[in-house]
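Here the structure comes first, spelled out in structure tokens, and everything after it is commentary.
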Amino acid sequence: MTKTTKTLQLVFLNGANKRSSLSLPDAANDLEPATVKAAMDAIVKADAFQKDGVDLYKIPQSAAYIERTVTDMFDDAASKPEQPANPSQVG
């Protein structure tokens, strides 16, 4: 079975001028670039995300849809393993 997922990845520079990304797995698949940019600007303006005193999302840098395809080869986790006999019940 093959499963493809699509995630919207937003990339910002943080308060220390390092890349910081925000991944949104449930984002709509057909967003316009201007809509995404406006949302990123709103995240920056909210100034609500910090870690160790550094703003995580300071300057919008880029946005991209990331598609990931997983093809199962086998999945033994789907079948129930046989339970070993309880020695106290054998007898």
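The values are calculated or read from the model by the stated rules, or taken from the named source; none is laboratory data. As the structure is a prediction and not an experimental result, all values here were calculated from the model. Positions of Cβ are generated from backbone atoms using ideal geometry, with glycine treated the same way; all protein chains shown enter the neighbour counts. Side chains are part of the model used for accessible areas, which takes the heavy atoms of the whole protein and leaves out ligands, DNA and RNA. Shrake-Rupley method; radii C 1.70, N 1.55, O 1.52, S 1.80 Å.
Per residue of the stretch 44-50, what does 6.51 cos²θ - 1.76 cosθ + 1.60 with θ = phi - 60° give for ³J(HN,Hα)? Whole Hz please, x for Gly and Pro, Karplus curve as stated.
Listing the rounded values in order: 4, 5, 5, 6, 10, 10, 9 Hz.
Keeping all protein chains in place, calculate the accessible area per residue for the stretch 1-82 (probe 1.4 angstrom), answer in Å².
Roughly 78 Å² per residue, with all protein chains present.
Packing-wise, with mean Cβ within 10 Å as the measure, how do 67-76, 52-61, 32-41 rank, highest first?
Ranking the peptides 67-76, 52-61, 32-41 by packing returns 52-61, 32-41, 67-76.
Starting from the amide H of Lys58, placed 1.01 Å from N in the peptide plane, find each other amide H under 5 Å away whose residue is 5 or more places distant or on another chain.
Long-range HN contacts for Lys58: Leu13, Asn14, Gly15.
In terms of modelled amide H atoms, which long-range or inter-chain residues lie less than 5 Å from the amide H of Ala27?
Amide H neighbours of Ala27: Leu8.
Relative to 2.2 N^0.38 Å, what does the C-alpha radius of gyration of the chain come to as a ratio? Two decimals please.
1.83
Would you work out what percent of the accessible area of the chain, with all protein chains in place, is carbon or sulfur (probe 1.4 Å)?
With neighbouring chains kept in place, the figure for the chain is 52 percent.
Calculate, for Asp76 and Lys18, the FRET efficiency according to 1/(1 + (r/R0)^6) with r their C-beta to C-beta distance and R0 35 Å; round to the nearest 0.05.
E between Asp76 and Lys18, to the nearest 0.05, is 0.25.
For Cα pairs less than 8 Å apart in space and 6+ apart in sequence, what is the mean separation divided by the residue count of the chain, i.e. the relative contact order in percent?
41 percent
Any lysines with Cα under 20 Å of the Lys45 Cα? List them, leaving off those in the same chain fewer than 8 positions away.
Partners within reach: Lys18, Lys37, Lys58.
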